[in-house]
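Please read the structure below before turning to the comments.
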Amino acid sequence: MHAPLPEIMPLRVGIAGLGTVGAAVAGILNRQANQLAARCGRPIRVTAVSARDRNRDRGIDLAGYRWFDDPVALASDPEIDCFVELVGGSDGPARRAVETALAAGKHVVTANKALLAAHGLALSELAERTGAALAFEASSAGGIPVVKTLREALAGNNVSKLYGILNGTCNYILSRMETEGLTFDDCLKDAQRLGYAEADPTFDVEGFDTAHKLAILTSLAFGTKIDAEAIHVEGISSITPFDLRMADDLGFRIKLLGVAERTKTGIEQRVHPTMVAKTSAIAQVMGVTNAVTIDADAVGELTLVGPGAGGGPTASAVIADIADVARGTVGLPFGLPVSRLEQPVRSAMQRHEGGYYIRLAVADRPGAAAAIVTRMAEAGISLESIVQRRSEAAAARDPEGRSGAPVPVVLITYATTERALRDALAKVSADGHISENPQVIRIERE
């Protein structure tokens, strides 16, 4: 007689946070239980959950799960093997719970980019000491598998540059402003109504969400320690329909990009509105979709496109990490031991080199535009084009061009440095030729 085969122990999962993503994770793990067991070689079972409101209807049956009011208590529960943190926030209960789970040797899966940007290295060191997994595919681009791509699929490559659309809210707003001619405020209100933007949208529209994601991807791409404080951050609230029309006329689209690049002076990390050629792959990405382009020596240019947020796509990324844990695939969180991650040399934004779009509100008087061009020449800045357009309202008041109202003047520069441009614009402002702060948008050329 043959001895009975040993029973395969299931991976016992505890989920902290039952919002849109947490509920979707629990639902998919239940619906796909047989398929996941076959693919991973063992069952995956949710055994316990934690959330603030026990009575809220989440569209899933919670009757079979043990309930914890405190996510830290769930993280220390001896009857779970894998702790899934979907609470959010860089500190507070999320941080304490993840630290508790890792210290106990429990595997952790999280979608929390703010936590990782602030404490990712310390948490990785803790995971290394206890042999636990710290997995975060869902933290940086929703359903796009960019973390695995950088850490695993491109292990034989040297990455020179990474850039992408990492926030669906901003891309949705810019897309609608471009296609429908709407103002930023009108698009934001609609995004809030549709649930794409929060009641307080600052974190998204001012670029901070993108910066957290970029900090994580930069570490993975370049083998450096997370350096979120080095990121230059600008949002999209100053973008106008005029800027978008001008971009279209010049062959560009405006996107909020997160960019990480190895330069001669160090690692440059920046988040800002960017003009990209309409012929580029990333310019075709509209609406709430995200995209990441990676420039590497062996593979060349690789662009990943997909949904960057939402319950289903983010849950898909979370479950991919849980499946790895179930298979026993426990790698180093950032691809290298923390001790071998390099301290990045910061490349100051003032040293950035590239082309620029500059919109100025210039006094409608003889010699003003010429004086501005002279200031640019004095700073060593070469201009590719100069476009002067009187507003429709001013033209209606005075068809012969004597309205006195400021005239929009757009300058497109050849490659120059941020420092030279800012110095020149400071002198233009001091000369009294412009009536408002300049609009400056960097140009990324293929």
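Only the coordinates and a few stated rules stand behind these numbers; no lab work does. The structure displayed is predicted, hence computed values, not measured ones. When we count neighbours, we look across all protein chains shown, and the Cβ atoms used for this are built from the backbone with ideal geometry, even at glycine.
Descriptive notes on the structure:
- Cα Rg, Dmax, the chain, angstrom units: 25.2, 104
- Rounded to the nearest 20, the Cβ-based charge dipole of segment 147-307 about its Cα centre (Lys and Arg +1, Asp and Glu -1) stands at 460 debye.
- For segment 270-361, the spread of Cα coordinates along the three principal axes comes to 59, 36, 29 Å, biggest extent given first.
- The shape of segment 125-213 comes out prolate: with a ≥ b ≥ c from the C-alpha gyration tensor, a/c is at least 1.5 and a/b beats b/c.
- About the Cα centre, charge dipole magnitude for segment 49-99 (Lys/Arg +1, Asp/Glu -1 at Cβ), debye: 180
- Lys/Arg +1, Asp/Glu -1 at C-beta; the chain dipole; positive extreme among V288, A117, M246: A117
- Convex hull volume per residue for segment 147-307, taking Cα atoms only, in Å³: 114
- Across segment 5-149 the C-alpha pair distances fall into 5 Å bins from zero in the proportions 2, 10, 19, 23, 22, 15, 7, 2, 0, 0 percent.
- About its Cα centre, the dipole of the chain is roughly 440 debye, where the only charges are +1 on Lys and Arg Cβ and -1 on Asp and Glu Cβ.
- The chain - percent relative contact order, Cα under 8 Å, separation 6 or more: 16
- Cβ crowding within 10 Å averaged over residues, with 86-98, 414-426 ranked highest first: 86-98, 414-426
- Beta bridges per DSSP, both residues in the chain: antiparallel share near 65 percent.
- Karplus-derived 3J(HN,Hα), 6.51/-1.76/1.60, for each residue of segment 131-141, Hz, glycine and proline x: x, 8, 7, 10, 10, 8, 4, 7, 7, 10, 7
- Taking the number of Cβ atoms within 10 Å of each Cβ as an exposure proxy, the fewest-first ranking of C40, C82 is C40, C82.
- Applying the criteria of a DSSP loop state and at most 15 other Cβ atoms within 10 Å to the GluC sites (Glu not before Pro) of segment 64-106 yields E79.
- The packing ranking of peptides 374-385, 313-324, highest mean first, is 313-324, 374-385, where packing means the average number of other beta carbon atoms within 10 angstrom of each residue.
- Gaussian network model of the chain, Cα within-10 Å springs - most flexible of P366, P43, P241: P366
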